[in-house]
Amino acid sequence: MGTPCHFALFDLQPGFRIDLEQLAVRYRELARATHPDRFADAPASEQRIALERAAGLNEAYRTLKNAPQRARYLLAIRGHELPLEVTVQDPQFLLQQMQWREELEELQDEADLAGVAVFKRRLKAAQEALEESFAASWEDPAQREESERLVRRMQFLDKLSQEVRQLEERLDD
Amino acid sequence: MAYSEKVIDHYENPRNVGKLNAEDPDVGTGMVGAPACGDVMRLQIKVNEQGVIEDAKFKTYGCGSAIASSSLATEWMKGKTLDEAELIKNTTIAEELALPPVKIHCSVLAEDAIKAAVRDYKHKKGLI
């Protein structure tokens, strides 16, 4: 790959359970040090390098901060790259996703903020359960298929939580 | 990103939104999802004694292109035999809806949903 591992950039050991606090602190330090403004008077070639480093840093931070992206990255550096655009057939899980989305639609129609709060707690619990399972399985090559399924499920819940946040913002207005 | 007129039409007036009884032996259900964009698609068909799809319904949570792709898929499936329905290609859907390259995967999802529904029906009937 030529570029250093995202984890090494932040002085972290590759792993699913990482110290998010440390990640954020280290990110801010590095972002200050590599900020393109600091190179405003430098030659064009150095400016370009600074810009590339800043972009790489942001990309690494975005990837590690987000649980499903971190999980997908971990599998990738272990040589198991998951394609981004893929169709999954995970009937029970998808059925539940459909039900949750129907519920969310009702909450939106009724502008039910209290209901949204309950929904959010349940979603959070489901995300934590998936993350726990992934943390326990991803290093075991025998559980590769299961790890992949868990990443896919995490991705769905991540999208859903974004939608919940957007709904909250709309209802708050 | 600008949607094509056909996408907007299907998005604003989706055809065949709804649900068929998944327990009905004449109904096949396909459930598929795209994890990166969080889309979830359910496509169902009801097949008559002649092996012709007499009804098709869908429900999609996703972007306009995913909704339009599945809406169009149900429209095209009605009146077709199972074998004919299985020949519906994502490229034809994408072309009809003028989907941009970044939205091609929505039409792939619709094609996969068609195949999943047909497979579910055949499985129920002991055909596979």
Net dipole in debye of segment A:91-172 [+1 Lys, Arg Cβ; -1 Asp, Glu Cβ; about Cα centre; nearest 20]: 160 debye
If A:Glu110, B:Glu86 are ordered by their accessible area, calculated over protein heavy atoms with a 1.4 Å probe, which sequence runs from highest to lowest? A:Glu110, B:Glu86
For B:Ala22 and B:Glu54, calculate 0.36 nm times their separation in residues minus their Cα-Cα distance, and state this gained length in nm to one decimal. 10.0 nm
Probe 1.4 Å, heavy atoms of protein chains only: per residue, the accessible area of segment B:5-121 in Å² is 41 Å²
Burial of 50 Å² or greater, segment B:1-32 residues [accessible area, probe 1.4 Å, versus chain by itself]: B:Met31
Evaluated at 10 °C and 1.306 mPa s, the Stokes-Einstein D of chain B based on the Kirkwood radius over Cα pairs, in µm²/s, stands at 112 µm²/s
Over both sides of the A-B contact, add up the buried accessible area with a 1.4 Å probe and give it to the nearest 100 Å². 1600 Å²
Carbon plus sulfur, as percent of the 1.4 Å-probe accessible area of the protein assembly as shown, comes to 49 percent
As a Kirkwood estimate from alpha-carbon pairs, segment A:6-65 has a hydrodynamic radius in angstrom of 12.1 Å
Kindly identify residues of segment A:61-102 having a loss of at least 50 Å² in accessible area between the isolated chain and the assembly of all protein chains, probe radius 1.4 Å. A:Glu85, A:Thr87, A:Gln89, A:Leu94, A:Met98, A:Arg101
Taking a ≥ b ≥ c as the square roots of the eigenvalues of the Cα gyration tensor of chain A, is the shape rounded (a/c under 1.5), prolate (a/b larger than b/c) or oblate? oblate
Send over a whole-number figure in Å² for the accessible area per residue of segment A:1-83, probe 1.4 Å. 63 Å²
Percent relative contact order for chain A, counting Cα pairs under 8 Å at least six residues apart, stands at 20 percent
So if I take the alpha carbon set of the protein assembly as shown, get Rg, then get Rh from the Kirkwood formula, what is the Rg over Rh ratio? 1.04
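The values are calculated or read from the model by the stated rules, or taken from the named source; none is laboratory data. This one's a predicted model, so the numbers in the text were calculated from it and none came from an experiment. Neighbour counts run over all protein chains shown; Cβ positions are idealised from the backbone, glycine included. To get the accessible areas, we keep the full protein, side chains included, count just its heavy atoms, and leave off ligands, DNA and RNA. Shrake-Rupley method; radii C 1.70, N 1.55, O 1.52, S 1.80 Å.
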